[in-house]
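The block underneath contains the structure these notes are about, expressed in structure tokens.
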Amino acid sequence: MAERISARAESLTARLAMWSARYRKAVLIGWVLIVIVALGTCTAIEANTDIEDPAPGETGEAIKLVEERFGGGGEATTQETLVFSHPTLTVEDQEYHDTVQGLVQDLKGLVAEKTSVVGGTTVVTDTRVVADVITHYDIATPRELSPFVARNETGGDITFALVMMVGDDDEASENIDPILETVAATNEASGDFDIYIGGAASFNKQINEIVEEDFGRALYFNLPITFAILILAFGAAVAALVPLALALVAVIVATGILTLVSQFYPLEVSYSEIVLLMGLATGIDYSLFVISRYRTERRSGRSKEESLRTASGTSGKAVVFAGTVVLLAISGMFVVDNVIFSSLGLAAIVAVALAIILSVSLLPALVALLGDNLDRLSIPFLSRDGGTGGGIWGHITDQVLARPAILAAVTVTALIVVGAPSVSVLRIPAPYLPFNLGFNGVKSFPDDADAKQAVLALEENFTIGLISPENVIVDAGEKANVFAPNVQSSVNQLISLVEEESVMRDPDNPYGALAREPENNSSGDTEIIFIPINADSGEEKAIDAVNHLRNDLIPASFEESPARALVAGPSSGNIDFRESIYFRTPFVFAFVLGLAFVILLVMFRSIVIPIKAIILNLLSVGAAYGVLVLVFQEGWPPGIENLLGFEATGIIESWLPLFLFAILFGLSMDYHMFVLGRIKEAYEKGASNEEAVSLGIKATAGTITSAAAIMVAVFSVFAFMRLLGMQQFGVGLGVAILIDATVIRSVLLPASMKLLGEWNWYLPSWLRWLPQIKMVE
């Protein structure tokens, strides 16, 4: 700006903004240095995503018991499954034999370097990666009787091998790369053979790779789409670049901070996607709000200084309050007391907090530096005139204010019908299509994932439970022995009962009713029995089987035994996590809604506005839940699965409802507070309640439409990712923001404010001590 910026301002946000404007060069240099340091941090240090996720319930108790009793000292505690298939050859053919045995020998010869410090000296030793590999060729059984061999669809043979990796799950994950590389090389060189590998370590590896690839793809598509929407919003390329630049700064700096944080607080592997999503969405929106107000003030004839002060003191103030609500809502994820929720919540909080800080520091400095150059590189026919008519939304608002009762009733009814399944999150029976919470298993992976192909091949020809069995941990007690006759009697009875359950066995299993040989610890007080479940871990068939195992088979087998038996595994963990979510849900809702109420009460000095805002936001969140059920549980509307590239599994990820609620409630408040801020501003200037509603909505219509379009575009890119959980996340966010920015903002908000009249601003006398927060600068 040409003129000198004075220090006088009426609000904290205005004072911060004017300070940044006055010292704009120093502020810009400071942020450039911060970005450089953040980039250097991300390059030099690898984020630690090796989280220790203590499972809840019986699963957690069983895992803890195994860790205590086995101590990770055993060998070959982690199993991977190799699947071989050829269209014409059988296992008796020499080429088939040589291919299998050649790969087996290569795997047995793999070693990994292990670094240790002995007496101050770094010692590098080679350790085995694979302890043993068991194949059809290791048993003296004819092909027709071999549990390792089946005929495939084309007349050739399909067989599998059990790869026993050295060490526990963590060690297996560290050493899986050479195994995957060896298998891939053999597969490529083996002609018509198809060779796949599946297991816990390979699953995790492929998930990480998919997340990294999708993260890059999301960034690649999000930036040009967002820039195009900003061009339409501002009509000028320079003005469009500023919000995009601030959002990128928020993403880069947040990633750098979280990389450091992860060194002492490991983060869930998807944290980078949450940073990208929240950094782009809030960083762009907050900048958009402030810049739009600044340009409006300039075109109304105010000076650059007064325009910036007004924009920062009104829209900037709304941004800080709205961002605070977002932060408080997201902090509700810590109430879940789960490391995945906590780490993803932390990632979102850092990204949003930086977006808020940037909006009152770097953004004013850039605006002060550019001044009217924000309008440079204008696009013909797209230049905004700063009018307050509101366009189509202004017309809709007029119609709503003329007929508030009937339009509100119809809209509320429609949202309740769509969102009815959401009540089942609170364990209230839903009238139809309740949430089916769970974890989608490996079969929800993209088709090109080897782990999925291994699972499908095993399920079709053998049993999927060989890859991810349920573990029954038999605890004889610290002073007892699992080899005691009465304990082994119970174990044998359990195995006999399992043999009668079709979903828990396969007559071709190499270990009969079990997925592998039982394991015993060195002191003999604990035994692990591996029971295959012939269904993907999240499928209803698997859930029913584990419930039957826990509630019927184990009690019948161990009723008179001195030992106890606990079940842990993919499906049992699924069940226990879901129960934990159900238990925590009311506390999260109470925490988020309570804090939101307090913030809105303080900002608007009204007890009616926060209650109404909470109800309206719950309607949009509930409707988004209902859409998730229709799309991902029922595969409706027709063609949606092909469009998004998924297959409806009937399962909504267990973590999704609470995570979505925290994110959505905060983001929905952004628009609500921005609109209400303009309404309150008009009301403070002397307009009647109805006039203030009309003026506020029309003045913000264009900005909120653009902001919502950006958020929906950002979230929609996530809907096309390959992991089903992220697709559900993207669809849920996009739908809720779309509903909030259209139906809620243009129909229910003005209708409810018209119907309530002056009651909107009601504050009980016993709350008159609350501070006055003026929206007029």
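Please verify whether Gly686 is part of a helix (DSSP H, G or I), free of Cβ contacts under 8 Å to residues at least 24 places away in the same chain and not polar (S, T, N, Q), treating the condition exactly as stated. Against the criterion (part of a helix (DSSP H, G or I), free of Cβ contacts under 8 Å to residues at least 24 places away in the same chain and not polar (S, T, N, Q)), Gly686 does not qualify. Restricting to the stretch 270-292, and then to whatever is surrounded by 24 or more Cβ atoms within 10 Å (Cβ to Cβ) and among the small types (Gly, Ala, Ser), can you tell me which residue is farthest from Ala17 (Cα to Cα)? Within the stretch 270-292, the match that is farthest from Ala17 (Cα to Cα) is Ser272.
Are any of the residues in the stretch 456-472 at pLDDT below 80 and small (Gly, Ala, Ser)? Scanning the stretch 456-472, I find at least one residue that is at pLDDT below 80 and small (Gly, Ala, Ser), so the answer is yes. Taken residue by residue, the stretch 567-588 has at least one member that is out of contact with any helix residue (DSSP H, G or I) (no Cβ under 6 Å at 6 or more places or on another chain), more than 27 Å from Leu549 (Cβ to Cβ) and at pLDDT below 90. List pairs: first in the stretch 182-197 and among the small types (Gly, Ala, Ser), second surrounded by 18 or more Cβ atoms within 10 Å (Cβ to Cβ), Cβ under 6 Å, 6+ apart or cross-chain? Once the first residue is among the small types (Gly, Ala, Ser) and sits in the stretch 182-197, its partners that are surrounded by 18 or more Cβ atoms within 10 Å (Cβ to Cβ) give Ser190/Thr99.
Tell me, yes or no, whether the stretch 409-420 has at least one residue that is buried (at least 16 other Cβ atoms within 10 Å of the Cβ), modelled with pLDDT under 85 and in the same structural domain as Gln633 (by TED's automatic domain parsing). Spell out how you get there, then give the answer.
First, pick out the residues of the stretch 409-420 that are buried (at least 16 other Cβ atoms within 10 Å of the Cβ): 411-412, 415, 418-420.
Then drop every residue that is not modelled with pLDDT under 85, which leaves 419-420.
Checking which are in the same structural domain as Gln633 (by TED's automatic domain parsing) leaves us with 419-420.
Yes, the stretch 409-420 contains a residue that is buried (at least 16 other Cβ atoms within 10 Å of the Cβ), modelled with pLDDT under 85 and in the same structural domain as Gln633 (by TED's automatic domain parsing).
In the set (1) under 30 Å from Leu344 (Cα atoms); (2) touching a residue at least 60 places away in the same chain (Cβ under 8 Å); (3) not acidic (Asp, Glu), Lys698 fails one condition alone, (1). From the list Ala318, Ala247, the lone residue that is within 29 Å of Glu681 (Cα to Cα) and touching a Leu at 6+ places or on another chain (Cβ under 6 Å) is Ala247. In summary, Ala590 fulfils each of the numbered conditions (1) part of a helix (DSSP H, G or I); (2) touching a residue at least 24 places away in the same chain (Cβ under 8 Å); (3) among the aliphatic types (A, V, I, L, M); (4) over 20 Å from Thr81 (Cβ atoms) with the single exception of condition (2). Thr182 satisfies every condition listed in (1) among the polar types (S, T, N, Q); (2) more than 13 Å from Gln105 (Cα to Cα); (3) surrounded by fewer than 22 Cβ atoms within 10 Å (Cβ to Cβ); (4) touching a helix residue (DSSP H, G or I) at 6+ places or on another chain (Cβ under 9 Å) except (2).
Which residues, counting only those in the stretch 130-187, are in contact with a His (Cβ under 9 Å, 6 or more places away or on another chain), over 23 Å from Leu456 (Cβ atoms) and not in a helix (DSSP H, G or I)? Answer for the stretch 130-187, where residues must be in contact with a His (Cβ under 9 Å, 6 or more places away or on another chain), over 23 Å from Leu456 (Cβ atoms) and not in a helix (DSSP H, G or I): there is none. When Ala228, Ala237 are checked against the criterion of being surrounded by fewer than 20 Cβ atoms within 10 Å (Cβ to Cβ), out of contact with any helix residue (DSSP H, G or I) (no Cβ under 7 Å at 6 or more places or on another chain), within 30 Å of Ala21 (Cα to Cα) and modelled with pLDDT of 85 or more, Ala228 stands alone in meeting it. Scanning the stretch 145-162 for residues that are within 16 Å of Gln453 (Cα to Cα) and without any contact (Cβ under 8 Å) to a residue 60 or more places away in the chain turns up just one, Glu153. Restricting the stretch 704-723 to residues that are buried (at least 21 other Cβ atoms within 10 Å of the Cβ) and not in a helix (DSSP H, G or I), the residue that is farthest from the chain's Cα centre (by Cα) is Met721. Residues in the stretch 618-648 that are of a type in the set (Phe, Trp, Tyr) and surrounded by 19 or more Cβ atoms within 10 Å (Cβ to Cβ): Tyr625, Phe632, Phe646. Among the criteria (1) in a helix (DSSP H, G or I); (2) touching a Ser or Thr at 6+ places or on another chain (Cβ under 6 Å); (3) at pLDDT below 85, the one Ile697 does not fulfil is (3). Restricting attention to the stretch 450-468, the residues that are surrounded by 24 or more Cβ atoms within 10 Å (Cβ to Cβ) and in a loop (DSSP other than H, G, I, E, B) total 3.
Of the residues making up the stretch 188-206, those that are farther than 15 Å from Ala454 by Cα and assigned to a helix (DSSP H, G or I) are Glu188, Ala189.
How many residues are modelled with pLDDT of 90 or more and either surrounded by fewer than 23 Cβ atoms within 10 Å (Cβ to Cβ) or outside the structural domain of Ser307 (by TED's automatic domain parsing) (or both) if we restrict to the stretch 325-334? The number of residues fulfilling the criteria is 3. Residue check: is Leu601 within 22 Å of the chain's Cα centre (by Cα), in the same structural domain as Glu653 (by TED's automatic domain parsing) and either buried (at least 23 other Cβ atoms within 10 Å of the Cβ) or of a type outside the set (Asp, Glu) (or both)? No; evaluated as a whole, the condition is false for this residue. Is it fair to say Ser561 is touching a helix residue (DSSP H, G or I) at 6+ places or on another chain (Cβ under 7 Å), surrounded by fewer than 24 Cβ atoms within 10 Å (Cβ to Cβ), at pLDDT below 90 and not assigned by TED's automatic domain parsing to the domain that holds Leu755? Yes. Residues in the stretch 352-408 that are touching a Gly at 6+ places or on another chain (Cβ under 6 Å), modelled with pLDDT of 90 or more and among the small types (Gly, Ala, Ser): 1 in all.
For the stretch 636-667, the tally of residues that are at negative phi and without any contact (Cβ under 8 Å) to a residue 40 or more places away in the chain stands at 8.
Okay, residues lined up against (1) touching a strand residue (DSSP E or B) at 6+ places or on another chain (Cβ under 6 Å); (2) modelled with pLDDT of 85 or more; (3) not assigned by TED's automatic domain parsing to the domain that holds Ala351:
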{"position": "Asp192", "(1), (2), (3)": "no, yes, yes"}
{"position": "Asp214", "(1), (2), (3)": "no, no, yes"}
{"position": "Ala247", "(1), (2), (3)": "no, yes, no"}
{"position": "Leu258", "(1), (2), (3)": "no, yes, no"}
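The values are calculated or read from the model by the stated rules, or taken from the named source; none is laboratory data. These numbers come from a predicted model, not from an experiment. For neighbour counting, all protein chains shown are included, and Cβ atoms are generated from backbone atoms with ideal geometry for every residue, glycine included.
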